[in-house]
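The values are calculated or read from the model by the stated rules, or taken from the named source; none is laboratory data. Treat the numbers as computed from the prediction; the structure is a model and nothing was measured. Virtual Cβ from ideal backbone geometry, glycine too; neighbours counted across all protein chains shown.
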Amino acid sequence: MLNVKMRAATAKRKRQQLLTSFSMVVIGLTLFCGLAWFGISRTLDKFFFSNPAYNVVELDLELDGIMTPEDLREETGILEGKNIFKLNINKADRHLRAIPMVADVTIERVLPDRMRVVLKSREPVSWVSSSNDPFAAYDVSTMLLVDASGYLMKPRLIPQEFHSLPVIYGVNPEDIYEGKPLQSDDLKKAIALLDEASARPDSLVRIRSLNISKGYCIDALTDQNARVKFGRSDFHQQIDKLHRLLEHCRDTGRELDSVNLMVTKNTPVKFVMAALPPSVSKKSEAISKTKRKN
């Protein structure tokens, strides 16, 4: 019985010694790691984070007309004078990618003292307005841009070339959400029509606006003020027919007033009546007065 108690006491004492040794090792490793980290931190801070040689001196910005350099500095915190290693590139990248007009972002540290920021803009193909009034539809402040994929966006800056983009109006306001792709089938059809027209740079077809409010057709207005009614399919054939008609007008000196391309055979076409020469006009007026007197 005594031997059993002695063996139990011996085993307990060994376990305590082993636990004490293990604790000392853990404490030693912790102190070593803490001192090592402190030393590394001091070294990094001395040679990198607090070293004025790594303060940003130059910003190399390619913003693609999306925003001003001042806005980029204010919104991302990427500023001259800041330490290049202290700038939060990941946060700046997330912020810039959240801007609807931005298609891609590149942010690079160029050691020792330069930051490079490159933005790539989405390429809009048209404006989109929820108004049914063609005059109100041209109010840029109330419209969104749309790219070929149907992505809707509000521009911060409006360069001159954006003013010449066609306008799609008569859109249900519930189908317009900034920063999201469009959902309306009518809008998709209008984008497809513009894509077909723009695929022919040498074509005479230049569309200024598209009215999709009717649903069963698309009413277009060209740069020559011709009114064109498109069907909702076979845009390739309709654009071909319109181009040939405009070629005929160019070659004959006539001016197109309206055409209904929904009708495949015997297409209804109306031309602008030519103004009478001044001499003919005066003669007609004199004849009209003589008739009234008689």
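Taking region 56-75, which residues are out of contact with any strand residue (DSSP E or B) (no Cβ under 8 Å at 6 or more places or on another chain) and either without any contact (Cβ under 8 Å) to a residue 60 or more places away in the chain or surrounded by 15 or more Cβ atoms within 10 Å (Cβ to Cβ) (or both)?
E70, E74, E75
With respect to the numbered conditions (1) without any contact (Cβ under 8 Å) to a residue 24 or more places away in the chain; (2) closer than 30 Å to I89 by Cβ, which one is the sole condition not fulfilled by D223?
(2)
Tally the residues that are closer than 17 Å to S184 by Cβ and touching a strand residue (DSSP E or B) at 6+ places or on another chain (Cβ under 8 Å), restricting the search to region 221-240.
Number of matching residues: 2.
Here is a list of conditions, (1) without any contact (Cβ under 8 Å) to a residue 12 or more places away in the chain; (2) acidic (D, E); (3) under 30 Å from H95 (Cα atoms), and D240 meets all of them except one; can you say which number that is?
The number of the failed condition is (3).
Kindly indicate whether M115 is assigned to a strand (DSSP E or B), among the hydrophobic types (A, V, I, L, M, F, W, C) and surrounded by 19 or more Cβ atoms within 10 Å (Cβ to Cβ).
Here the answer is yes, as M115 does meet what is asked.
Tell me, yes or no, whether region 143-159 has at least one residue that is of a type in the set (S, T, Y), in the same structural domain as L193 (by TED's automatic domain parsing) and in a strand (DSSP E or B).
Yes, region 143-159 contains at least one residue that is of a type in the set (S, T, Y), in the same structural domain as L193 (by TED's automatic domain parsing) and in a strand (DSSP E or B).
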